[in-house]
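Below is one structure, written out as structure tokens; the observations come after it.
The values are calculated or read from the model by the stated rules, or taken from the named source; none is laboratory data. Every value quoted in this text rests on a predicted model; they were computed, and no experiment measured them. Here the Cβ is made from the backbone with ideal geometry for all residues, glycine too, and neighbour counts use every protein chain on show. Heads up: the accessible areas ignore ligands, DNA and RNA and are worked out on the full protein's heavy atoms, side chains in. Shrake-Rupley method; radii C 1.70, N 1.55, O 1.52, S 1.80 Å.
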Amino acid sequence: MLQAEIDREKCTQCLECIEVCPEGVLELVDGWPFHVYTEKCKGCATCLNMCPEDAISVVEY
Ligand code: SF4
Ligand code: SF4
């Protein structure tokens, strides 16, 4: 399974990643983008490419 991980040291909470994910995987939790629907991530890297802070990585686990 794939998971988008957010590095909070880099993230500026612009929330672009939530908007662009075509699968609706990311949601806002306590002001931070959070990978909620793990089983739905397709690893398309749209969020990763969109993030202006390079704060997202997609990992397999
Ligand atoms: S696009 Fe990047 S900087 Fe913006 S909320 Fe998502 S992880 Fe944070
Ligand atoms: S890799 Fe694609 S499907 Fe997975 S969270 Fe990012 S934009 Fe959504």
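Residue by residue through segment 12-23, note down the ones that are closer than 13 Å to CYS41 by Cβ and open to solvent by 60 Å² or more (accessible area, probe 1.4 Å).
Selection gives PRO22, GLU23.
Every residue in segment 45-61 that is away from ligand 1 (no atom under 12 Å from the Cβ) and open to solvent by 70 Å² or more (accessible area, probe 1.4 Å), please.
Answer for segment 45-61, where residues must be away from ligand 1 (no atom under 12 Å from the Cβ) and open to solvent by 70 Å² or more (accessible area, probe 1.4 Å): GLU60, TYR61.
For the structure I just gave you, tell me whether GLU9 is part of a helix (DSSP H, G or I) and surrounded by fewer than 12 Cβ atoms within 10 Å (Cβ to Cβ). Reasoning before the result, please.
Values: part of a helix (DSSP H, G or I): no; surrounded by fewer than 12 Cβ atoms within 10 Å (Cβ to Cβ): yes.
For GLU9, the condition - part of a helix (DSSP H, G or I) and surrounded by fewer than 12 Cβ atoms within 10 Å (Cβ to Cβ) - is not met.
Residue by residue through segment 44-61, note down the ones that are more than 13 Å from VAL25 (Cα to Cα) and either of a type in the set (Ser, Thr, Tyr) or without any contact (Cβ under 8 Å) to a residue 12 or more places away in the chain (or both).
ASN49, SER57, TYR61
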